[in-house]
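The values are calculated or read from the model by the stated rules, or taken from the named source; none is laboratory data. Since we're looking at a predicted model, the values are computed, not measured. Every residue, glycine as well, gets a Cβ built from its backbone with ideal geometry; the counts of neighbours run over all protein chains shown. These area figures cover heavy atoms from the full protein model, side chains too; ligands, DNA and RNA do not enter into them. Shrake-Rupley method; radii C 1.70, N 1.55, O 1.52, S 1.80 Å.
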Amino acid sequence: MAKDAIYRSGGKDLTSKVVPLAFLTARLILFLSLPLEGIRSFGDYWDYTLLAKLGWPFWDIWVEYPPLFPFLSRLLFQLAGGRPHSYEYLLALLFSVAQAGNLYLFLKLAEKIHPPQEMQQRGMAYFALLIGLFYGWAYFDPLAVMALLLGLYWLLTERDIPAALALGLGALTKWFPILALAAVWKWRPPHQALKITLIALGIITLAWGGLYALSPEMTKASLASQGAKGSWETVWALIDGNIRTGNFGPDADRTLPPTAYQPIGNPPR
């Protein structure tokens, strides 16, 4: 009974605040104990640094990513004064802050779906999974995950327009957050689901349409580049004989749009 009273008096809210702060503190301590090579680990910092050095995405170069992260990356590189090591530390900090935000949103979602004790257990399991896993700070996926979780949380709290904005911005980071629109059509009446879908898709269309209007060649090349990449890091890639990662590599000439259309690796069998 006493434990239930604590939860009713705000214990759940305390958990959702303390756990992300504990996560961020532990992550910062981990970074202080690691050399820069350890923070780089097996991630894509070399690729992000290369792209940030070459110029502004969709104007000076083509990029294989949706537009939000490439622009943010370039801004961070400028903020770091063009120094790669400072830029990489900023990336690691940004991705870790995003992961702390993801942990907070995860706990808030679990709070609405599960009883208090189960919410805590799930939150601590997520904490333990994230804290030492280099993938979380070596790639920009946490930014897209944060948009997805934020969109789902706002859907659960009946805030449809902010949810649509979050999902649209998430798809401008990586494409997968837009898959949450399937849940929208399950949870909302058709007219509300249509409104959310149109807002989310409208944001995506405006962003890509604006880029195409201002820089059509680089924008078309950026969109086409993923189709030219071929398979990688899957059982299908093994069947195709593509023993490589999904990166284009530092030798790709990003300033020339035609290079985005050149096939990489073996074609599908």
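Table for the structure above
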| quantity | calculated |
| --- | --- |
| Residue within region 45-52 that is at positive phi and under 21 Å from the mean Cα position of the chain (by Cα) present | no |
| Some residue of region 129-138 being within 13 Å of the chain's Cα centre (by Cα), over 30 Å from Glu217 (Cβ atoms) and without any contact (Cβ under 8 Å) to a residue 60 or more places away in the chain | yes |
| Number of positions in region 156-199 that are crowded, with 22+ Cβ neighbours inside 10 Å and either farther than 24 Å from Pro70 by Cα or touching a His at 6+ places or on another chain (Cβ under 9 Å) (or both) | 2 |
| Options Thr255, Thr219; residue that is hydroxyl-bearing (Ser, Thr, Tyr), open to solvent by less than 60 Å² (accessible area, probe 1.4 Å) and modelled with pLDDT of 85 or more | Thr219 |
| Helices (runs of 4 or more DSSP H) within region 189-241 that include 1 or more residues among the hydroxyl-bearing types (Ser, Thr, Tyr) | 190-214, 216-228 |
| Residue pairs meeting the criteria (Cβ under 9 Å; at least 6 apart or on separate chains; first among the hydroxyl-bearing types (Ser, Thr, Tyr), in region 153-178; second open to solvent by 50 Å² or more (accessible area, probe 1.4 Å) and part of a helix (DSSP H, G or I)) | Tyr153/Lys112; Thr157/Lys112; Thr173/Leu68; Thr173/Leu72; Thr173/Met146 |
| Only one of Leu129, Leu179, Leu107 that is in a helix (DSSP H, G or I) and closer than 28 Å to Ile204 by Cβ | Leu179 |
| Helices (runs of 4 or more DSSP H) (entirely within region 15-81) containing at least 3 residues that are under 30 Å from Glu111 (Cβ atoms) | 68-79 |
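Conditions (1) out of contact with any Asp or Glu (no Cβ under 7 Å at 6 or more places or on another chain); (2) buried (at least 20 other Cβ atoms within 10 Å of the Cβ); (3) free of Cβ contacts under 8 Å to residues at least 12 places away in the same chain, marked per residue:
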site	(1), (2), (3)
Pro20	yes, yes, no
Leu28	yes, no, no
Gly38	yes, no, yes
Asp44	yes, no, no
Tyr48	yes, yes, no
Ala52	yes, yes, no
Trp59	yes, no, no
